[in-house]
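What follows is a single structure, written as structure tokens, with notes after it.
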Amino acid sequence: MRDIASDDMTIFKKIKDLQDFLQQQKGRTIGFVPTMGALHNGHRSLIEKAKESTEIVVCSIFVNPTQFNDKSDFEKYPVTTDADIALLTEAGCNVLFLPDVAEMYPGGLDKGTIYDFGYLETVLEGAMRPGHFKGVGQVVSHLINIVQPNKLFMGQKDYQQCMVVRDLLRQMGKENSVELVICPTKREADGLAMSSRNRRLSEPQRVLSGILYQCLVSIQSKKSSDNFALVQKECTDLLKAKGIEPEYVALADARDLKILDNYNGNAMVALIAAKVGNVRLIDNLILE
Ligand code: AMP
């Protein structure tokens, strides 16, 4: 059996080789962190969290074409493989799975099980990015079947995606065998949520982008008011005044993402999506 306690990270490009390796580790708990690469400290925090409670940490880097509704977003998605390998090695990741499109979709991009996430596909990210969550379900289910993790680590940064994956695990009949661990959003000093897309922002755009988090904080701070519509308008006006194009500024029930017209006493989440130049950013805050 290979010693996974060494500092080396093993890289696999083929499903069969990864599975053979994991087979040899039988009995050890597997933590899995799926990513699209261009890794930053948000991803790193997921690896670190996985290391706390599982014995083998597997990270995947795969820019999944089927979840991009915008072709140019896919084409411009940053690829920084050497830096990613360095970050993962330093973070103590044990295994990197780095497949290409042909390995993941040998029969074509429309093959594999396509899941239906109902309501979640119709609101917010689902509405703005048609087909996006179908692509997420397709790739995450495939990856889960390959890696067979005990725990799956995902970021709250992609709140709706976490809900979709929770539903996916239920539909796969794995809600009791794969634990979904939702990890807090890592932010830059000004509050901007770390994101692979941030590196596509120019310096002035980067400075402006901190406003997204300020909007979320202001939604939170006004939660005892009785006029979310006003707070929502203040936020959209503020974003527009800065030259940022808001796609949505929304309030939803944190449990099922039902859109709320106004604050209520329940668990709520504020969500925002906006375009800074041609870079689309999303963020959210659970209202404490
Ligand atoms: P991505 O590479 O963007 O697909 O993200 C891979 C995983 O990292 C997803 O579960 C994301 O939610 C998570 N993630 C991305 N950004 C952050 C962040 N700033 N903090 C915590 N997790 C994040």
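Taken together, the values in this text are just the output of simple stated rules run on the coordinates, not laboratory data. Every value quoted in this text rests on a predicted model; they were computed, and no experiment measured them. With ideal geometry, Cβ positions are generated from the backbone for all residues, glycine too; neighbour counts draw on all protein chains shown.
The table for this structure:
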read-out	value
Cα Rg, Dmax (largest Cα-Cα span) when computed across the chain, Å	19.3, 62
Value of relative contact order over the range 1-123, rounded to a whole percent, pairs C-alpha under 8 Å and six or more apart	35 percent
For the range 41-113 and the range 214-288, distance of Cα centres in Å	29 Å
Shape metrics for the range 117-228, restricted to C-alpha atoms - Rg then Dmax, Å	16.8, 48
Pairwise FRET efficiency - Ala83 versus Asp237, Cβ, R0 = 35 Å, nearest 0.05	0.35
Protection proxy ranking of 90-98, 76-84 - average other beta-carbon atoms within 10 Å, highest first	90-98, 76-84
Inverse of mean 1/r across different Cα pairs in the range 11-64, Kirkwood, Å	12.0 Å
In sequence order, calculated HN-Hα J values of the range 122-129 (Karplus, 6.51, -1.76, 1.60; Hz; x Gly/Pro)	9, 10, 6, 4, x, 6, 6, 10
Theoretical gain in end-to-end length, Phe74 to Arg28 [0.36 nm per residue, Cα-Cα removed]	13.0 nm
The range 231-288, Cα convex hull volume normalised per residue, Å³	78 Å³
Peptides 101-114, 150-163, 267-280, 212-225 ordered by average Cβ neighbours within 10 Å, highest first	150-163, 267-280, 212-225, 101-114
Pairwise label distance in nanometres, Asp190 with Asp261, each label 7 Å out on the Cα-Cβ vector	3.7 nm
Space enclosed by the convex hull of the alpha-carbon atoms of the range 85-165, per residue, Å³	125 Å³
From phi via Karplus (6.51, -1.76, 1.60), per-residue ³J(HN,Hα) for the range 190-206 in Hz, x at Gly/Pro	8, x, 4, 5, 4, 7, 4, 6, 4, 6, 8, 7, 6, 4, x, 5, 4
Kirkwood estimate for the range 170-288, i.e. one over the average of 1/r between Cα atoms, Å	15.4 Å
Burial order of peptide ranges 22-30, 191-199 (average beta-carbon count within 10 Å, highest first)	191-199, 22-30
Under 27 Å, Cα to Cα: Lys pairs in the range 97-226, sequence gap 8 or more or different chains	15
Partner aspartates and glutamates for Lys49 [C-alpha distance under 15 Å; skip if fewer than 8 residues away on the same chain]	Glu90, Glu179
Full-extension gain in nm, Met128 to Ser202, via 0.36 nm per residue minus C-alpha separation	24.2 nm
Ratio of the Cα radius of gyration of the range 33-122 to 2.2 N^0.38 Å, where N counts its residues	1.23
